[in-house]
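Note sheet for the following structure.
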Amino acid sequence: MSPLAVYIIFLFVVVIVIIRVALYFVDKDRILSAALQKGWSDVVVSWNPFAPGWFFEKGERQYLVTYRDENGTQRRRNCKTGVFTGVFWRDENI
């Protein structure tokens, strides 16, 4: 394999990683905004690539959200979001 081909492959991988990290921060901001609109506090968002239903989703990413509701009870929910979609809350009290 020529050095140019190795360089192009390396550059491609770096670009993909940068795009994925940027999408994480965009998604996290979108999820935090949706959670705060619901009145939740202490919101923690973590990537959950193998959440229930992940197999058939195309272009959407899955996240696990831990938060405190209006009563102060700590809860966890899965959600999914994508570039052109909103935030969809999947289940409650995992």
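Please treat every number below as a calculation from the coordinates, not as lab data. Note that this is a predicted model, so its numbers are computed, not measured. Heads up, the Cβs are rebuilt from the backbone with ideal geometry, glycines too, and the neighbour counts pull from every protein chain shown.
Side notes on the structure shown:
- Degrees, to the nearest 10: 3-37 long Cα axis against longest axis of the chain: 10
- Ordered by the number of other Cβ atoms lying within 10 Å of each residue's own Cβ, fewest first, T81, T73 fall into the sequence T73, T81.
- Per-residue ellipticity at 222 nm computed for the chain from its helices equals -13500 deg cm²/dmol, with DSSP H segments shorter than 4 residues left out and the rest contributing -39,500 (n - 2.57).
- With coordinates expressed along the principal axes, the C-alpha atoms belonging to the chain extend over 62, 24, 22 Å, beginning with the largest.
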